[in-house]
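Here the structure comes first, spelled out in structure tokens, and everything after it is commentary.
The values are calculated or read from the model by the stated rules, or taken from the named source; none is laboratory data. Everything numeric in this text was worked out from a predicted model, so none of it was measured. Heads up, the Cβs are rebuilt from the backbone with ideal geometry, glycines too, and the neighbour counts pull from every protein chain shown.
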Amino acid sequence: MSDTGLDAVPVIDVGPLVRGKEASEAVPVARLLDAACRANGFFYVIEHGVDEELRSRLEASARRFFAKDLDTKNAIRMARGGRAWRGYFPVGAELTSGRPDLKEGIYFGADLAEDDPRVAAGTPLHGRNLFPADPPELRDLTTLYVDQVTRLGHALARGLSLGLGLGETYLRDRYTRDPLVLFRIFHYPPMPADSGQLPWSVGEHTDYGLLTLLSQDDAGGLEVRSRSRWVPAPPIPGTLVCNIGDMLDRMTGGLYRSTPHRVRNLSGRGRISMPFFFDPAFEADVAPIDHGRLIADDRADRWDRASVHTFAGTYGDYLLGKVAKVFPELERTALSSGVGPGTERSSVPPASAR
């Protein structure tokens, strides 16, 4: 394994899946995805169908937003998003394992009108996005990007279904026909390299859903734990970094593991990271695929000593438990509506996004 980490984190051409090729052409790609998920749960993708110019313009627009003063950014603060869990948060406002992250960010999701049944019912994490007035292009760029990455998520879900030896629509039929899509744009301020023992920009964690698709700038700082060793996952031009989350770990009985990762920005400049979460529907009852047995439970190896395999319930139950710890204020808002983390059936601790 090289110090670059590239031996541990493979690069996979997913073009046949993106282009909707027949199974005969898609299966070889699916086998590569399967091998990556069994090995460490992380991989890069190329030929992914997400426009590079769009990504570049969105990153530049995000930098313009984060360069503004705090009062301007707080015009779309998360408190204004209510139960939808949307908007801006400042550095230190998001927690990972109870510790403040050294990042700021904006939270987005599917932009749903007030007359959508889920919004009308007060379902947490559903509603309108909040966009800044300046830069004005951020709204359209974000919308276009989310559309493109959602299509990629569907293509990869097909590949994962094939790789598991299931029907190619297995995940779509059960979990992702109407996926919960969540999108974040994060800014990590630079950390001085000579200040002794530094905190992590984001500490060790796993993601909590099905599949994460990450666009990162060229600053670096992402690290992946591959079995017993931490390796860098450096930016590679033209790629997205993908990793599986807790729910896919649970579905596969530990055959695919949601791999811990962390970030420390030592580049000397601001880092932009744009993770997109392609997750099961909020109301989906996430259950193990029938392999006949629990293949592996890595509770003893996880930083939180928790098992994703003891959870029972919907993805919404699981997700709200995470949100309650990442943003405690949102827990109080959700509970005031009568729908919130108190309904969950698991005590799994939270994990933050990258």
### Task
Could you tell me which numbered condition PHE186 fails, if it satisfies all but one of (1) assigned to a strand (DSSP E or B); (2) more than 25 Å from ARG77 (Cα to Cα)?
(2)
### Query
Quick one: which of ASP301, ASP290 is surrounded by fewer than 20 Cβ atoms within 10 Å (Cβ to Cβ), over 21 Å from ASP34 (Cβ atoms) and acidic (Asp, Glu)?
ASP301
### Query
What is the one condition in (1) under 18 Å from the mean Cα position of the chain (by Cα); (2) modelled with pLDDT of 95 or more; (3) buried (at least 23 other Cβ atoms within 10 Å of the Cβ); (4) more than 22 Å from ASP298 (Cβ to Cβ) that GLY159 does not satisfy?
(1)
### Task
Output the residue which, of all residues in region 61-96 that are surrounded by 14 or more Cβ atoms within 10 Å (Cβ to Cβ), closer than 14 Å to PRO135 by Cβ and among the aliphatic types (A, V, I, L, M), is farthest from the chain's Cα centre (by Cα).
ALA75
### Summary
For region 103-134, the count of residues that are touching a Ser or Thr at 6+ places or on another chain (Cβ under 8 Å), touching a residue at least 60 places away in the same chain (Cβ under 8 Å) and surrounded by 20 or more Cβ atoms within 10 Å (Cβ to Cβ) equals 3
#### Entry: Total residues in region 263-274, condition crowded, with 22+ Cβ neighbours inside 10 Å and of a type outside the set (Val, Ile, Thr)
4
#### Entry: Members of region 83-115 that are part of a loop (DSSP other than H, G, I, E, B) and farther than 18 Å from LEU70 by Cβ
TRP85, ARG86, SER97, GLY98, ALA110, LEU112, ALA113, GLU114, ASP115
### Task
Test GLY87 against the criterion of being at pLDDT 95 or above, more than 18 Å from PHE278 (Cβ to Cβ) and touching a strand residue (DSSP E or B) at 6+ places or on another chain (Cβ under 9 Å), and give yes or no.
yes
### Query
So which residues in region 11-51 are outside any loop (DSSP other than H, G, I, E, B), in contact (Cβ under 8 Å) with a residue 12 or more places away in the chain and charged (D, E, K, R)?
ASP13, ARG31, ASP34, ARG38
### Check on LEU214, in a helix (DSSP H, G or I) and either crowded, with 17+ Cβ neighbours inside 10 Å or modelled with pLDDT of 95 or more (or both)
no
### Query
Considering region 8-35 alone, what residues qualify as being crowded, with 20+ Cβ neighbours inside 10 Å and modelled with pLDDT under 95?
ALA8, VAL9
#### Entry: Set THR239, THR252: member being within 24 Å of GLU52 (Cα to Cα) and out of contact with any Ser or Thr (no Cβ under 7 Å at 6 or more places or on another chain)
THR239
### Query
Got a sec? Which strands (runs of 3 or more DSSP E) wholly within region 238-292 have at least 1 residues that are closer than 21 Å to VAL149 by Cα and of a type outside the set (Val, Ile, Thr)?
240-244, 271-279
#### Entry: Filter result for the condition that a residue is part of a helix (DSSP H, G or I) and of a type in the set (A, V, I, L, M, F, W, C), over LEU125, LEU130, LEU156
LEU156
## Note on the structure
Picking from GLU204, GLU223, the residue that is within 18 Å of the chain's Cα centre (by Cα) and either farther than 21 Å from PHE311 by Cβ or in a loop (DSSP other than H, G, I, E, B) (or both) would be GLU223
